[in-house]
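What follows is a set of notes on a single structure, which appears directly below.
The values are calculated or read from the model by the stated rules, or taken from the named source; none is laboratory data. Quick caveat, the model's predicted, so the values are computed rather than measured. We place every Cβ from the backbone using ideal geometry, glycine too, and count neighbours over all the protein chains shown. Note: areas computed on protein heavy atoms with side chains; ligands, DNA, RNA excluded. Shrake-Rupley method; radii C 1.70, N 1.55, O 1.52, S 1.80 Å.
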Amino acid sequence: MRIYIGNVEIAGYFTKLRDGFEKEGIRADLWFLSKNKYYQNRMPFLVSVNQWLFDRFKKGGSSLNRWLTLPFLLLTKAVIFVWVLARYDVFILNSHAYFNFHELAVLKYFRKKIIFVCLGTESRPLYMSGNSILTKYVNEGQLKYGVCYEDVKRQKEEIERIERYADIMINHPPTALFHSKPFIAWMHIGFPSGNGEGAALNSNERSRLVKILHAPSLALSKGSAEIEAMVNNLKEQGYPVEFVRLENVPNHKVLETIREVDIVVDELYADIPLGGLGTEAAVAHKPVLSAGYYSGCVHSDYPAEVIPPSVFCQPEFLEQELLSLVVDRNKRFEIGEASAQFVKNNWNNREVARKFMCLINGDIPANWYFEPEKINCIHGYGMQEDKLKKFIFGYIEKYGAEALFLEHNPVLKSKVLDFVHEKRFVLSERKVS
(Lines give C-alpha, C1' and ligand atoms only; values in the text may rest on other atoms or scores of the structure.)
Protein backbone atom coordinates (compact mmCIF):
# COMPACT_ATOMS: atom_id res chain seq x y z
CA MET A 1 0.00 0.00 0.00
CA ARG A 2 1.41 3.36 -1.07
CA ILE A 3 0.14 6.54 0.63
CA TYR A 4 0.14 10.04 -0.87
CA ILE A 5 -0.22 13.04 1.48
CA GLY A 6 -0.93 16.47 -0.04
CA ASN A 7 -1.33 19.07 -1.29
CA VAL A 8 -0.14 21.75 1.16
CA GLU A 9 1.20 21.83 4.73
CA ILE A 10 -1.08 23.28 7.41
CA ALA A 11 0.42 23.93 10.86
CA GLY A 12 2.77 20.95 10.56
CA TYR A 13 -0.16 18.49 10.57
CA PHE A 14 0.76 16.47 7.50
CA THR A 15 4.51 16.35 8.05
CA LYS A 16 3.89 14.88 11.50
CA LEU A 17 1.28 12.49 10.11
CA ARG A 18 3.84 11.19 7.62
CA ASP A 19 6.28 10.69 10.48
CA GLY A 20 3.61 8.68 12.33
CA PHE A 21 3.14 6.38 9.35
CA GLU A 22 6.88 5.86 9.12
CA LYS A 23 7.07 5.01 12.82
CA GLU A 24 4.42 2.36 12.08
CA GLY A 25 6.57 0.99 9.27
CA ILE A 26 4.31 2.37 6.52
CA ARG A 27 5.73 4.53 3.77
CA ALA A 28 3.87 7.76 3.07
CA ASP A 29 5.11 10.54 0.77
CA LEU A 30 4.48 14.28 1.01
CA TRP A 31 3.54 16.17 -2.16
CA PHE A 32 3.00 19.88 -1.44
CA LEU A 33 2.01 21.86 -4.52
CA SER A 34 2.43 25.19 -2.73
CA LYS A 35 4.77 26.36 0.02
CA ASN A 36 3.99 27.07 3.63
CA LYS A 37 6.46 29.75 4.73
CA TYR A 38 6.45 28.50 8.32
CA TYR A 39 7.15 24.85 7.47
CA GLN A 40 9.72 23.81 4.88
CA ASN A 41 9.93 20.34 3.32
CA ARG A 42 12.14 19.06 0.54
CA MET A 43 10.11 18.24 -2.54
CA PRO A 44 10.90 16.39 -5.80
CA PHE A 45 12.27 18.68 -8.50
CA LEU A 46 9.07 18.95 -10.52
CA VAL A 47 7.03 19.70 -7.38
CA SER A 48 9.47 22.48 -6.47
CA VAL A 49 8.98 23.89 -9.98
CA ASN A 50 5.22 23.73 -9.44
CA GLN A 51 5.57 25.58 -6.13
CA TRP A 52 7.57 28.32 -7.86
CA LEU A 53 5.05 28.62 -10.69
CA PHE A 54 2.13 28.69 -8.26
CA ASP A 55 3.77 31.42 -6.19
CA ARG A 56 4.47 33.39 -9.36
CA PHE A 57 0.87 32.97 -10.51
CA LYS A 58 -0.55 34.11 -7.15
CA LYS A 59 1.85 37.04 -6.69
CA GLY A 60 2.93 37.72 -10.26
CA GLY A 61 1.81 41.32 -10.30
CA SER A 62 0.30 42.14 -13.67
CA SER A 63 -2.47 40.08 -15.25
CA LEU A 64 -0.23 39.42 -18.24
CA ASN A 65 2.46 37.78 -16.08
CA ARG A 66 -0.15 35.68 -14.33
CA TRP A 67 -1.75 34.42 -17.50
CA LEU A 68 1.61 33.71 -19.13
CA THR A 69 2.46 31.58 -16.09
CA LEU A 70 -0.84 29.67 -16.02
CA PRO A 71 -0.25 27.26 -18.97
CA PHE A 72 3.09 26.15 -17.51
CA LEU A 73 1.51 25.72 -14.07
CA LEU A 74 -1.32 23.59 -15.46
CA LEU A 75 1.07 21.49 -17.51
CA THR A 76 3.31 20.86 -14.52
CA LYS A 77 0.32 19.90 -12.38
CA ALA A 78 -0.93 17.52 -15.06
CA VAL A 79 2.43 15.74 -15.29
CA ILE A 80 2.67 15.41 -11.50
CA PHE A 81 -0.92 14.17 -11.25
CA VAL A 82 -0.41 11.44 -13.87
CA TRP A 83 2.72 10.31 -12.02
CA VAL A 84 1.07 10.10 -8.58
CA LEU A 85 -2.08 8.50 -10.04
CA ALA A 86 0.03 5.61 -11.30
CA ARG A 87 2.11 5.34 -8.14
CA TYR A 88 -0.20 5.63 -5.09
CA ASP A 89 -3.15 3.67 -3.70
CA VAL A 90 -4.35 5.97 -0.88
CA PHE A 91 -4.67 9.76 -1.16
CA ILE A 92 -4.87 11.84 2.03
CA LEU A 93 -5.77 15.30 0.75
CA ASN A 94 -6.49 18.80 2.01
CA SER A 95 -7.42 22.22 0.72
CA HIS A 96 -5.04 22.74 -2.22
CA ALA A 97 -6.43 21.14 -5.39
CA TYR A 98 -4.84 20.10 -8.65
CA PHE A 99 -7.82 21.14 -10.80
CA ASN A 100 -10.51 22.54 -8.46
CA PHE A 101 -11.05 19.01 -7.09
CA HIS A 102 -12.28 17.69 -10.45
CA GLU A 103 -9.28 15.36 -10.22
CA LEU A 104 -11.11 13.44 -7.48
CA ALA A 105 -13.39 11.94 -10.14
CA VAL A 106 -10.31 10.50 -11.85
CA LEU A 107 -8.99 9.10 -8.57
CA LYS A 108 -12.38 7.53 -7.89
CA TYR A 109 -12.52 6.01 -11.40
CA PHE A 110 -9.20 4.30 -10.78
CA ARG A 111 -10.46 3.02 -7.39
CA LYS A 112 -8.10 5.03 -5.23
CA LYS A 113 -8.92 5.44 -1.54
CA ILE A 114 -9.59 9.14 -0.88
CA ILE A 115 -9.50 10.67 2.61
CA PHE A 116 -10.09 14.41 2.70
CA VAL A 117 -9.00 16.34 5.80
CA CYS A 118 -10.67 19.68 6.56
CA LEU A 119 -8.81 21.88 9.03
CA GLY A 120 -11.15 24.87 9.04
CA THR A 121 -10.70 27.44 6.30
CA GLU A 122 -11.55 25.26 3.30
CA SER A 123 -14.95 24.17 4.63
CA ARG A 124 -16.10 26.89 7.06
CA PRO A 125 -18.71 29.05 5.27
CA LEU A 126 -16.90 32.22 4.30
CA TYR A 127 -19.72 34.41 5.59
CA MET A 128 -18.90 32.94 9.02
CA SER A 129 -15.12 33.29 8.75
CA GLY A 130 -13.56 36.28 10.47
CA ASN A 131 -10.40 35.73 8.41
CA SER A 132 -12.23 36.40 5.16
CA ILE A 133 -14.69 39.01 6.39
CA LEU A 134 -12.08 41.22 8.03
CA THR A 135 -9.45 40.94 5.29
CA LYS A 136 -11.49 40.54 2.10
CA TYR A 137 -15.16 41.42 2.46
CA VAL A 138 -14.84 44.56 4.56
CA ASN A 139 -12.50 47.08 2.96
CA GLU A 140 -12.25 50.71 4.10
CA GLY A 141 -15.80 50.62 5.39
CA GLN A 142 -17.21 49.04 2.23
CA LEU A 143 -19.00 45.70 2.52
CA LYS A 144 -18.22 43.48 -0.46
CA TYR A 145 -21.22 41.18 -0.26
CA GLY A 146 -21.05 40.41 -3.99
CA VAL A 147 -17.50 39.08 -3.71
CA CYS A 148 -18.52 37.04 -0.67
CA TYR A 149 -21.52 35.55 -2.49
CA GLU A 150 -19.44 34.37 -5.45
CA ASP A 151 -16.77 32.93 -3.16
CA VAL A 152 -19.34 31.08 -1.02
CA LYS A 153 -21.08 29.70 -4.11
CA ARG A 154 -17.75 28.33 -5.37
CA GLN A 155 -16.90 26.98 -1.89
CA LYS A 156 -20.21 25.13 -1.64
CA GLU A 157 -19.71 23.59 -5.09
CA GLU A 158 -16.25 22.38 -4.09
CA ILE A 159 -17.51 20.79 -0.87
CA GLU A 160 -20.25 19.00 -2.84
CA ARG A 161 -17.63 17.77 -5.33
CA ILE A 162 -15.35 16.52 -2.57
CA GLU A 163 -18.24 14.78 -0.79
CA ARG A 164 -19.29 13.09 -4.02
CA TYR A 165 -15.93 11.39 -4.55
CA ALA A 166 -14.14 11.15 -1.20
CA ASP A 167 -14.47 7.87 0.67
CA ILE A 168 -14.08 9.66 3.99
CA MET A 169 -14.14 13.29 5.07
CA ILE A 170 -12.68 14.46 8.37
CA ASN A 171 -14.11 17.72 9.66
CA HIS A 172 -15.09 19.57 12.82
CA PRO A 173 -18.81 20.22 13.52
CA PRO A 174 -18.67 24.05 13.65
CA THR A 175 -16.88 24.18 10.27
CA ALA A 176 -18.96 21.49 8.54
CA LEU A 177 -22.16 23.39 7.73
CA PHE A 178 -21.96 22.58 4.01
CA HIS A 179 -21.87 18.82 4.56
CA SER A 180 -24.82 16.71 3.52
CA LYS A 181 -23.27 13.35 4.49
CA PRO A 182 -21.90 12.09 7.83
CA PHE A 183 -18.23 12.92 8.39
CA ILE A 184 -15.54 11.85 10.86
CA ALA A 185 -15.50 14.36 13.73
CA TRP A 186 -12.01 15.79 13.81
CA MET A 187 -11.12 15.49 17.51
CA HIS A 188 -11.59 11.71 17.40
CA ILE A 189 -8.52 11.71 15.17
CA GLY A 190 -6.57 14.57 16.76
CA PHE A 191 -3.65 16.79 15.81
CA PRO A 192 -0.31 14.92 15.51
CA SER A 193 1.96 16.48 18.10
CA GLY A 194 5.25 14.62 17.95
CA ASN A 195 6.37 11.23 19.19
CA GLY A 196 5.53 11.50 22.87
CA GLU A 197 9.07 12.16 24.04
CA GLY A 198 8.55 15.77 25.12
CA ALA A 199 9.83 16.73 28.56
CA ALA A 200 8.81 19.65 30.73
CA LEU A 201 10.53 22.80 29.52
CA ASN A 202 10.59 25.29 32.35
CA SER A 203 11.14 29.00 32.20
CA ASN A 204 13.17 30.70 34.91
CA GLU A 205 11.20 29.81 38.04
CA ARG A 206 13.26 32.25 40.12
CA SER A 207 11.71 35.15 38.26
CA ARG A 208 8.38 36.53 39.45
CA LEU A 209 7.67 37.73 35.94
CA VAL A 210 5.03 35.63 34.18
CA LYS A 211 5.72 35.52 30.44
CA ILE A 212 2.69 35.21 28.17
CA LEU A 213 3.16 34.15 24.54
CA HIS A 214 0.77 34.93 21.69
CA ALA A 215 1.86 33.90 18.18
CA PRO A 216 -0.94 34.67 15.71
CA SER A 217 -0.85 33.63 12.08
CA LEU A 218 -3.57 36.19 11.33
CA ALA A 219 -3.77 38.83 14.05
CA LEU A 220 -7.20 40.21 13.09
CA SER A 221 -9.05 36.92 13.34
CA LYS A 222 -7.11 35.70 16.37
CA GLY A 223 -8.26 38.70 18.43
CA SER A 224 -4.65 39.74 18.97
CA ALA A 225 -5.42 43.38 19.77
CA GLU A 226 -7.90 42.36 22.44
CA ILE A 227 -5.50 39.80 23.93
CA GLU A 228 -2.72 42.38 24.13
CA ALA A 229 -5.14 44.85 25.72
CA MET A 230 -6.02 42.27 28.39
CA VAL A 231 -2.35 41.73 29.24
CA ASN A 232 -1.79 45.49 29.37
CA ASN A 233 -4.75 45.78 31.72
CA LEU A 234 -3.16 43.20 34.04
CA LYS A 235 0.08 45.18 33.94
CA GLU A 236 -1.75 48.36 34.89
CA GLN A 237 -3.25 46.53 37.86
CA GLY A 238 0.26 45.67 39.04
CA TYR A 239 0.49 42.01 38.03
CA PRO A 240 4.04 40.95 37.02
CA VAL A 241 3.37 39.93 33.42
CA GLU A 242 5.29 40.27 30.16
CA PHE A 243 3.64 39.97 26.76
CA VAL A 244 5.59 38.18 24.01
CA ARG A 245 4.03 38.45 20.56
CA LEU A 246 5.45 36.63 17.53
CA GLU A 247 4.26 37.10 13.96
CA ASN A 248 5.64 36.00 10.60
CA VAL A 249 8.48 33.96 12.08
CA PRO A 250 9.53 30.37 11.24
CA ASN A 251 8.05 27.59 13.32
CA HIS A 252 11.39 26.77 14.97
CA LYS A 253 11.47 30.31 16.43
CA VAL A 254 8.00 29.80 17.93
CA LEU A 255 9.11 26.49 19.45
CA GLU A 256 12.18 28.13 20.98
CA THR A 257 10.07 30.88 22.52
CA ILE A 258 7.54 28.42 23.95
CA ARG A 259 10.38 27.03 26.06
CA GLU A 260 10.89 30.43 27.69
CA VAL A 261 7.31 31.39 28.60
CA ASP A 262 4.84 30.43 31.30
CA ILE A 263 1.48 30.71 29.48
CA VAL A 264 0.44 30.44 25.84
CA VAL A 265 -2.66 32.37 24.77
CA ASP A 266 -3.78 31.10 21.38
CA GLU A 267 -6.98 32.77 20.17
CA LEU A 268 -9.94 34.86 21.29
CA TYR A 269 -12.43 33.52 18.72
CA ALA A 270 -11.37 29.89 18.17
CA ASP A 271 -13.58 26.95 17.28
CA ILE A 272 -11.16 24.32 18.59
CA PRO A 273 -9.81 23.98 22.15
CA LEU A 274 -6.30 23.07 21.01
CA GLY A 275 -4.91 23.91 17.56
CA GLY A 276 -1.43 23.79 16.07
CA LEU A 277 0.20 26.32 18.40
CA GLY A 278 -1.66 24.96 21.41
CA THR A 279 -0.54 21.41 20.65
CA GLU A 280 3.10 22.50 20.39
CA ALA A 281 2.76 24.31 23.72
CA ALA A 282 1.13 21.28 25.35
CA VAL A 283 4.05 19.09 24.26
CA ALA A 284 6.28 21.50 26.21
CA HIS A 285 4.03 21.19 29.29
CA LYS A 286 2.83 24.78 28.99
CA PRO A 287 -0.76 25.72 29.90
CA VAL A 288 -2.75 26.81 26.85
CA LEU A 289 -5.56 29.35 27.04
CA SER A 290 -7.98 29.84 24.18
CA ALA A 291 -11.45 31.29 23.87
CA GLY A 292 -14.28 30.86 21.43
CA TYR A 293 -18.03 30.50 21.22
CA TYR A 294 -17.62 26.79 20.45
CA SER A 295 -16.57 26.27 24.08
CA GLY A 296 -20.29 26.20 24.86
CA CYS A 297 -20.90 23.35 22.39
CA VAL A 298 -17.81 21.15 22.48
CA HIS A 299 -19.05 18.88 25.28
CA SER A 300 -22.29 18.15 23.45
CA ASP A 301 -20.42 17.25 20.25
CA TYR A 302 -17.62 15.10 21.70
CA PRO A 303 -17.16 12.67 24.60
CA ALA A 304 -15.05 14.05 27.43
CA GLU A 305 -12.14 11.66 26.80
CA VAL A 306 -11.30 13.17 23.39
CA ILE A 307 -11.44 16.83 24.50
CA PRO A 308 -7.99 18.27 25.39
CA PRO A 309 -7.70 19.54 29.00
CA SER A 310 -6.63 23.04 27.96
CA VAL A 311 -8.45 26.16 29.17
CA PHE A 312 -11.19 26.81 26.60
CA CYS A 313 -13.75 29.45 27.54
CA GLN A 314 -16.17 32.03 26.18
CA PRO A 315 -14.43 35.18 24.85
CA GLU A 316 -15.84 37.38 27.60
CA PHE A 317 -14.11 35.21 30.24
CA LEU A 318 -10.66 35.08 28.67
CA GLU A 319 -9.16 37.84 30.83
CA GLN A 320 -10.58 36.26 33.99
CA GLU A 321 -9.10 32.87 33.07
CA LEU A 322 -5.78 34.47 32.17
CA LEU A 323 -5.62 36.20 35.54
CA SER A 324 -6.26 32.92 37.35
CA LEU A 325 -3.27 31.38 35.55
CA VAL A 326 -1.06 34.39 36.25
CA VAL A 327 -1.66 34.32 40.01
CA ASP A 328 -1.74 30.53 40.48
CA ARG A 329 1.53 28.81 39.61
CA ASN A 330 0.19 25.41 40.67
CA LYS A 331 -2.76 25.73 38.32
CA ARG A 332 -0.37 26.53 35.47
CA PHE A 333 1.62 23.43 36.28
CA GLU A 334 -1.44 21.17 36.59
CA ILE A 335 -2.99 22.28 33.30
CA GLY A 336 0.35 22.09 31.52
CA GLU A 337 0.94 18.56 32.79
CA ALA A 338 -2.59 17.39 31.96
CA SER A 339 -2.34 18.80 28.43
CA ALA A 340 1.08 17.22 27.93
CA GLN A 341 -0.17 13.79 28.99
CA PHE A 342 -3.22 14.12 26.76
CA VAL A 343 -1.29 14.89 23.58
CA LYS A 344 1.40 12.35 24.48
CA ASN A 345 -1.15 9.55 24.83
CA ASN A 346 -3.79 10.53 22.29
CA TRP A 347 -2.25 12.84 19.68
CA ASN A 348 1.27 11.53 19.24
CA ASN A 349 2.24 10.98 15.62
CA ARG A 350 1.97 7.18 15.73
CA GLU A 351 -1.43 7.21 17.43
CA VAL A 352 -2.88 9.61 14.85
CA ALA A 353 -1.39 7.53 12.03
CA ARG A 354 -3.00 4.40 13.55
CA LYS A 355 -6.36 6.16 13.48
CA PHE A 356 -5.83 6.98 9.82
CA MET A 357 -5.08 3.31 9.22
CA CYS A 358 -8.46 2.51 10.78
CA LEU A 359 -10.02 4.86 8.24
CA ILE A 360 -8.05 3.31 5.38
CA ASN A 361 -8.96 -0.25 6.40
CA GLY A 362 -12.62 0.56 7.12
CA ASP A 363 -12.30 -0.28 10.82
CA ILE A 364 -14.11 2.86 12.01
CA PRO A 365 -15.90 3.15 15.39
CA ALA A 366 -19.49 4.28 14.88
CA ASN A 367 -19.14 7.17 17.35
CA TRP A 368 -16.46 8.79 15.18
CA TYR A 369 -19.16 9.78 12.69
CA PHE A 370 -21.08 13.03 13.04
CA GLU A 371 -24.46 13.72 11.42
CA PRO A 372 -24.72 17.20 9.80
CA GLU A 373 -28.27 17.56 11.17
CA LYS A 374 -26.80 17.60 14.70
CA ILE A 375 -24.63 20.68 14.16
CA ASN A 376 -25.52 23.21 16.86
CA CYS A 377 -22.63 25.66 16.98
CA ILE A 378 -23.25 28.29 14.32
CA HIS A 379 -21.41 31.17 16.00
CA GLY A 380 -18.69 31.57 13.38
CA TYR A 381 -14.99 32.09 13.86
CA GLY A 382 -12.44 34.85 14.12
CA MET A 383 -14.57 37.83 15.11
CA GLN A 384 -17.04 39.10 17.68
CA GLU A 385 -20.40 37.42 17.47
CA ASP A 386 -22.41 40.64 17.25
CA LYS A 387 -20.28 41.92 14.36
CA LEU A 388 -20.58 38.59 12.60
CA LYS A 389 -24.37 38.70 12.92
CA LYS A 390 -24.41 42.19 11.46
CA PHE A 391 -22.37 41.08 8.44
CA ILE A 392 -24.51 37.99 7.79
CA PHE A 393 -27.71 40.01 8.25
CA GLY A 394 -26.62 42.43 5.51
CA TYR A 395 -25.52 39.51 3.32
CA ILE A 396 -28.94 37.85 3.62
CA GLU A 397 -30.73 41.15 3.15
CA LYS A 398 -28.94 41.62 -0.18
CA TYR A 399 -29.01 38.07 -1.58
CA GLY A 400 -31.70 36.28 0.41
CA ALA A 401 -31.53 33.30 2.75
CA GLU A 402 -30.72 31.08 -0.24
CA ALA A 403 -27.28 32.72 -0.28
CA LEU A 404 -26.45 30.75 2.87
CA PHE A 405 -26.36 27.65 0.61
CA LEU A 406 -27.88 25.50 3.35
CA GLU A 407 -30.86 24.13 1.40
CA HIS A 408 -29.50 20.62 1.96
CA ASN A 409 -30.03 21.02 5.72
CA PRO A 410 -33.27 22.98 6.47
CA VAL A 411 -32.91 22.51 10.24
CA LEU A 412 -29.43 24.03 10.20
CA LYS A 413 -30.58 26.85 7.93
CA SER A 414 -33.29 27.75 10.46
CA LYS A 415 -30.71 27.74 13.25
CA VAL A 416 -28.48 30.15 11.35
CA LEU A 417 -31.37 32.51 10.61
CA ASP A 418 -32.44 32.45 14.26
CA PHE A 419 -28.84 33.13 15.30
CA VAL A 420 -28.54 36.13 12.98
CA HIS A 421 -31.73 37.73 14.27
CA GLU A 422 -30.98 37.08 17.94
CA LYS A 423 -29.73 40.18 19.72
CA ARG A 424 -27.09 39.58 22.35
CA PHE A 425 -24.28 41.84 23.46
CA VAL A 426 -21.08 39.82 23.49
CA LEU A 427 -17.82 41.64 24.12
CA SER A 428 -16.88 45.28 24.08
CA GLU A 429 -13.74 46.34 22.25
CA ARG A 430 -10.86 47.96 24.04
CA LYS A 431 -8.12 49.97 22.46
CA VAL A 432 -4.59 48.73 22.78
CA SER A 433 -2.53 51.21 24.77
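Remarks
- Listed residue (Ser310, Val210, Asn50) projecting farthest to the positive dipole end of the chain, Cβ model: Asn50
- Calculated SAXS-style log₁₀ I(q)/I(0) at q = 0.14, 0.17 Å⁻¹ - segment 134-277, Debye, Cα scatterers: -0.94, -1.14
- When Cys358, Cys297 are compared by accessible surface with a 1.4 Å probe, the order from highest to lowest is Cys358, Cys297.
- Segment 56-152, accessible surface, carbon-and-sulfur percent (1.4 angstrom probe): 59
- Furthest towards positive pole of dipole, Trp67, Tyr269, Ile168, structure part the chain, Cβ charges: Trp67
- What you get for the chain, charging only the Cβ of Lys and Arg (+1) and of Asp and Glu (-1), is a dipole of about 1220 debye around the Cα centre.
- What you get for segment 56-119, charging only the Cβ of Lys and Arg (+1) and of Asp and Glu (-1), is a dipole of about 80 debye around the Cα centre.
- Taking a straight Cα-Cα cut-off under 14 Å and skipping sequence neighbours fewer than 8 places away in the same chain, the aspartates and glutamates within cross-link reach of Lys112 are Asp89, Glu103, Asp167.
- Accessible surface computed residue by residue for segment 1-159, with neighbouring protein chains in place and a 1.4 Å probe, gives 49 Å² per residue.
- Space enclosed by the convex hull of the alpha-carbon atoms of segment 84-136, per residue, Å³: 88
- For the chain, Cys with no neighbouring Cys Cβ under 4.7 Å: Cys118, Cys148, Cys313, Cys358
- When you filter the trypsin sites (Lys or Arg not before Pro) in segment 29-69 for DSSP loop state and at most 11 other Cβ atoms inside 10 Å of their Cβ, you are left with Lys37, Arg42.
- Take segment 275-329 with all the other protein chains still there, run a 1.4 Å probe, and you get 32 Å² of accessible area per residue.
- Rounded to two decimals, the Cα-based Rg/Rh of segment 193-331, with Kirkwood Rh, is 0.94.
- Gyration tensor (alpha-carbon) shape descriptor, segment 289-433, a/c threshold 1.5: oblate
- Spin-label model distance (nm) - Glu140 vs Leu323, 7 Å beyond Cα toward Cβ: 4.2
- Placing one equal scatterer on every Cα of segment 58-119 and applying the Debye formula, the log10 ratio I(q)/I(0) at q = 0.13, 0.22, 0.25, 0.29 Å⁻¹ is -0.44, -0.93, -1.08, -1.28.
- Note on Leu143: accessible area is roughly 90 Å² with a 1.4 Å probe, heavy atoms of protein only.
- Mean Kyte hydropathy of 1.0 or more with a Cα span along the axis of at least 27 Å, helices from DSSP in the chain: 63-87
- Carbon plus sulfur fraction of accessible area for segment 343-419, probe 1.4 Å, in percent: 50
- Three-way shape call for segment 200-281 based on the alpha-carbon gyration tensor, with the a/c threshold at 1.5: oblate
- In the chain, helices alone account for a calculated mean residue ellipticity at 222 nm of -13500 deg cm²/dmol, with every DSSP H run of four or more residues adding -39,500 (n - 2.57).
- Rg/Rh (Cα only; Kirkwood hydrodynamic radius) as it applies to segment 1-123: 0.96
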